[in-house]
1. Any idea which of PRO268, PRO341 is surrounded by fewer than 23 Cβ atoms within 10 Å (Cβ to Cβ), in contact with a helix residue (DSSP H, G or I) (Cβ under 8 Å, 6 or more places away or on another chain), over 29 Å from ASN228 (Cα atoms) and not β-branched (Val, Ile, Thr)?
2. Tally up the residues in segment 497-520 that are over 15 Å from GLY483 (Cβ atoms) and not acidic (Asp, Glu), please.
3. Taking the criterion of being more than 29 Å from ARG359 (Cα to Cα), part of a loop (DSSP other than H, G, I, E, B) and either at pLDDT below 80 or small (Gly, Ala, Ser) (or both), would at least one residue in segment 502-513 satisfy it?
4. State the number of residues belonging to segment 356-396 that are outside any loop (DSSP other than H, G, I, E, B) and surrounded by fewer than 17 Cβ atoms within 10 Å (Cβ to Cβ).
5. Can you tell me how many residues in segment 469-495 are touching a Leu at 6+ places or on another chain (Cβ under 8 Å) and within 22 Å of ILE378 (Cβ to Cβ)?
6. For segment 340-350, state whether one or more residues are of a type in the set (Ser, Thr, Tyr) and either touching a Leu at 6+ places or on another chain (Cβ under 8 Å) or outside any helix (DSSP H, G or I) (or both).
7. Tell me, which residue of segment 177-229 that is in a strand (DSSP E or B) and of a type in the set (Val, Ile, Thr) is nearest to LEU160 (Cα to Cα)?
8. Scan segment 274-297 for residues that are part of a loop (DSSP other than H, G, I, E, B), touching a Ser or Thr at 6+ places or on another chain (Cβ under 9 Å) and surrounded by fewer than 22 Cβ atoms within 10 Å (Cβ to Cβ) and jot them down.
Amino acid sequence: MVRESVFNNLQDLKFLSIMENSFEGPFPPSILNLSRIRHLELSSNNFSGSIPQNIGMLHDLKYLSLFANSFVGSIPSSIGLLRELQILDLSYNHLNSNIPREMGLLTNLSELYLDMNNLTGNIPSELGLLTKLNLLVLLSNNLTGNVPSEIGNLKLLTQLLLGSNQLTGPVVKSVFNLSNLEVLGLPNNKFTGNIPGDFWKNLKSLLYMDCRDNLFSGTILGLNTNLNLTYIDLSGNQFTGEFPSTICNVTSIEVLDLSHNGLSGALPHCVGKLANNLHTMVLGNNKFQGIIPTTFSNTCHLEVLNMQNNHFEGMVPQALANCKELKILDMGNNHISGTVPSWLSTLQNLEVLVLRSNRLHGKVSASSTKHPFPKLRIVDLSNNEFTGNLPIQYFYYMKPTRKGYDYNNSKEDFQYFYQASVPLRVKGTEYEVKEILYIYTAIDLSCNKFQGKVPKVIGDLSSLALLNLSHNSLTGPIPSVLGNMETLQSLDLSSNQLSGVIPNQLTSLTFFAVLNLSENHLTGEIPLKGQFSTFGNDSYLGNSALCGLPLTKKCMHAVSPPQEVGNDGDDEDDVHNGLNWELILMGYGCGLICGLSSGYIAFKMGKPRWFVRYIELLQLKLIRTRMKKRVR
């Protein structure tokens, strides 16, 4: 709490900043006696209670920031008396009133931040009187109704951020008058109608447009060479028609996301040209068909390419070998045929490879590259028709990363980032994982025709969190060295032809939370130590020679058969022993087509509470880190 006596003899004080401390309690009343104060900064503390009604007494205020506190209640109408105010920041609080119409009296205001509160009601038309306004940030509230047409009077506006509210109706035509607008954010609302071609024609200064997760419909028209757009996100709407080839003329685009719409037809050849400047292209969850363009040149700068869940056919185009910077390649859930091309291993920066649920077949042959996939962390080849031995050569260098996939780009007056995502399939349902994607590592080769033994070299993958080899034709014992996988959370070896006992070494896995060994030929007593005491009988069904809890079949012998020791001559077993990789906190499984419950969501749906809490704390830490780096 701030001691009241501190401000008693400071009536002439003009600048006060006590930001980023741990002050708490109500708004200090003595501050209201600082009649000449011009700059008041109380942000990033723990102040609570309401904003005082008589704050309008501070007539000389030009800057007022209460950002990131715990203020509740209403925005006092007396705030309209602060006629000299130029910057007002009340964001990241718990304010829950309407936006007072008196804010229209703040005619000198250039920046207004009311985001991350619980404000309700309509956007008052009086905000259209703030003709000096450059930034209007109202995102993440509970605002309703249409955007008032008076917003079009704000001719100096460069940033308009209204995302994550419950706003409705079409984009008002008066927005076309905002010729200086550079940043437009309307995501997570209920906007309807189409985006007219005149929209792009008039907003020639626009650099960033985010309209994701609304109810926009119709075709995408009007994009042309006169635009300087660097970021377009129209995902999660109801757009139809073909890929708008005019986008290829906007050579400034760095992030393009058209996913989760109803777009159809073949991709134009100019997409390869577009990739010369693009960092991220996301076209997943549409109805695109035909061959993936082969026009990616050696000037390709793509790092994220997501085409999953469409109707693409043909082979993976070799032209993608020119995209040397690719980190995420997701072509899952299409009709792609052929074999896994050997040139994929030349993509030395690739970290996430998803080719699940296609028509790929044959052996995943060894690469001629000396160190194939040195940065690979997530590989999902599930639900295809691959044969032969498991492609161990892809896993030797698998390790986690501490760096996320957020694409950050700073312009003169603003900064934006884009979070890449990969779908997680849990119990037959797909979930998009974004914020903590980078801390997952996983191997999913399920639902294929792989043969041979489970190679012991997998035990060297100490950072692996999810391993799914189910629904194949694997034979032999479960290697005891799998107990070395210190961060393993989910193991699915079901529906194979594995034999022998369940190694006791697996009981040492402290993060172990999901296990499925059903439908094999395992024998002996089920271990009951460690996390094994939490698994139900569905983890072991279909193994007629298994006994002991949780099965009803009792064991005849107190002593289990001897555990597997030593090497058995597998040609992969001695390779690359002793890898010493960093541990990661959590794992990720991209495919999990056959219904394996894994990852954070699986635990949220019924696994141990300690693990749920652990991941929640991790996410909270990430959110707090981002809050500290908040960019206006």
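The values are calculated or read from the model by the stated rules, or taken from the named source; none is laboratory data. A quick note: this is a predicted structure, and the numbers were derived from the prediction, not measured. In this analysis, Cβ positions are derived from the backbone assuming ideal geometry, glycine residues included, and neighbour counts consider all displayed protein chains.
1. After ruling out the rest, the residue left standing is PRO341.
2. Residues in segment 497-520 being over 15 Å from GLY483 (Cβ atoms) and not acidic (Asp, Glu): 8 in total.
3. Yes, segment 502-513 has at least one match.
4. Residues meeting the conditions: 7.
5. Going through segment 469-495 one residue at a time, the tally reaches 15.
6. No: zero hits.
7. VAL183
8. ASN276, ASN277 - these are the residues of segment 274-297 that are part of a loop (DSSP other than H, G, I, E, B), touching a Ser or Thr at 6+ places or on another chain (Cβ under 9 Å) and surrounded by fewer than 22 Cβ atoms within 10 Å (Cβ to Cβ).
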